[in-house]
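Structure record follows, encoded as structure tokens.
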């Protein structure tokens, strides 16, 4: 309540002051919470800000967020480990300059947690064509990750993963109410991404292990040896995404479709739809639906068996997000303009809530998961 | 996607007719909060189509 009152007082002062330059400032505060039926809980506060001059075409901005993850999932319990809590911090800086039709962008990101450090930097060039009816963008980003074990210095144990990401985007004005964009991504990853905590249960040839087999049954059927996960040492990932936005008199429809494939022979499709209604000048309500379905990677097995001479399978994983699954999400957003009468949306209070049900089609331990993520945000144009 | 590609280049909308396109809800970027973006990165095996913040997903 105090935040809302402070925001209202601040917005009133901002409305009173006459604007003397073309420089805009935008700040945002966001707090999100996630919980699921697999006993994972995440809190994510974040702050972001952008200063820009639309007349001169420059913009600089940044974002800082913290993830506090607390987990006692079935994967942790199955290895007789205790609940753990971990903190991740992420910072991002970005800048762009587009004085006329040709522009450039740059960004850099650092993400740090006790057992994982991720650094990335990238740039892009963009150009408007056909009187700004067509805009293209070509971008490249390089990422370098260091993965280790919590409590062990990287100098004692670590693995590196290098990532090159190429992006191409084409945005088209289709008519006075419709805009569309097509995004192509190619991401090349090199390095061992196997999780050093993830042990994979192993079974004798011919053992029948049902889908969703509980921990006790898996422990009674598996052999005593339990090797660590081993993934391929490189991965090439490809995605093509089409996004369409159409403005009605008092509503906006946003549709998105993504097709995905990679060199581990995972294929997926994601469909996302939002309908944003204007309920007066100050309130926007936006129901949201999202469905994601994917096929498993080619080395996926629900129950890995050992080979002749007790050989481990060369590639093995227990990462459910590499298996076949279907996610369905439903939720929505509510945005309330709390600025002055001259510009009600100069200050916006936002609420969002989404619930996701995941069906794991060929996994041990679980067959489904329900999760919810909610958040509250405050955005201001100063 | 086929619909989008088939429409490419079929309109030339002058600047004075783009009032609706300037509405904040018409932004071409993905309208997702940082926390929701993170959840997607963990729950979906696929990537791409939005801004990327690199690895380090905070999960095991």
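Observations, loosely collected:
- From the list B:54, B:48, the lone residue that is buried (at least 20 other Cβ atoms within 10 Å of the Cβ), in contact with a strand residue (DSSP E or B) (Cβ under 7 Å, 6 or more places away or on another chain) and modelled with pLDDT under 80 is B:54.
- Number of the exception - residue A:232 against (1) part of a loop (DSSP other than H, G, I, E, B); (2) surrounded by fewer than 16 Cβ atoms within 10 Å (Cβ to Cβ): (2)
- Put simply, of A:251, A:239, A:259 the only residue that is at the interface with chain B (Cβ under 9 Å from one of its Cβ atoms), more than 19 Å from residue B:44 (Cα to Cα), at pLDDT 95 or above and out of contact with any helix residue (DSSP H, G or I) (no Cβ under 8 Å at 6 or more places or on another chain) is A:251.
- Flag for residue A:38 being crowded, with 18+ Cβ neighbours inside 10 Å, assigned to a loop (DSSP other than H, G, I, E, B) and touching a residue at least 24 places away in the same chain (Cβ under 8 Å): yes
- Residues of the range B:9-24 classified as under 18 Å from the mean Cα position of the chain (by Cα) and either at pLDDT below 85 or closer than 21 Å to residue A:137 by Cβ (or both), total: 3
- In the range A:62-120, the residue that is nearest to residue B:42 (Cα to Cα) out of those that are more than 9 Å from every other protein chain (Cβ to nearest Cβ) and in a helix (DSSP H, G or I) is A:74.
- Within the range B:15-30, the set of residues being farther than 15 Å from residue A:171 by Cβ and either part of a helix (DSSP H, G or I) or at the interface with chain A (Cβ under 7 Å from one of its Cβ atoms) (or both) comprises B:15, B:16, B:17, B:20, B:23, B:24, B:25.
- Per-region count, the range A:241-273, residues surrounded by 15 or more Cβ atoms within 10 Å (Cβ to Cβ) and touching a residue at least 40 places away in the same chain (Cβ under 8 Å): 9
- Every condition in (1) touching a residue at least 40 places away in the same chain (Cβ under 8 Å); (2) under 28 Å from residue A:261 (Cα atoms); (3) more than 9 Å from chain B (Cβ to nearest Cβ) holds for residue A:149 except the one numbered (2).
- Positions within the range A:296-328 being surrounded by fewer than 15 Cβ atoms within 10 Å (Cβ to Cβ) and modelled with pLDDT under 95, in sequence order: A:307, A:308, A:309, A:310, A:311
- Some residue of the range A:291-305 being within 9 Å of another protein chain (Cβ to nearest Cβ) and either more than 25 Å from the chain's Cα centre (by Cα) or assigned to a strand (DSSP E or B) (or both): yes
- Selection within the range B:32-44: residues that are outside any helix (DSSP H, G or I) and facing another protein chain (nearest Cβ under 7 Å). The member of this set that is modelled with the highest pLDDT is B:44.
- Of all residues in the range A:277-290, none satisfies being closer than 30 Å to residue A:203 by Cβ, surrounded by fewer than 16 Cβ atoms within 10 Å (Cβ to Cβ) and more than 8 Å from chain B (Cβ to nearest Cβ).
- Any chance residue A:335 is buried (at least 16 other Cβ atoms within 10 Å of the Cβ), under 24 Å from the mean Cα position of the chain (by Cα) and under 28 Å from residue A:201 (Cα atoms): no
- Among the residues of the range A:179-204, those identified as over 29 Å from residue A:83 (Cβ atoms) and within 20 Å of the chain's Cα centre (by Cα) are A:181, A:182, A:183, A:184, A:185, A:186, A:187, A:188, A:189.
- Test result for residue A:168, touching a strand residue (DSSP E or B) at 6+ places or on another chain (Cβ under 9 Å), at positive phi and at pLDDT below 95: no
- Checklist (1) within 11 Å of chain B (Cβ to nearest Cβ); (2) over 24 Å from the mean Cα position of the chain (by Cα); (3) in a strand (DSSP E or B) applied to residue A:132, failing item: (3)
- Filter result for residue A:22 (in a loop (DSSP other than H, G, I, E, B), in contact with a strand residue (DSSP E or B) (Cβ under 9 Å, 6 or more places away or on another chain), surrounded by 10 or more Cβ atoms within 10 Å (Cβ to Cβ) and modelled with pLDDT of 50 or more): yes
The values are calculated or read from the model by the stated rules, or taken from the named source; none is laboratory data. Only a predicted model underlies this, so the values are computations on that prediction, with no experimental measurement involved. Note that each Cβ is placed from the backbone with ideal geometry, even for glycine, and that neighbours are counted across all protein chains shown.
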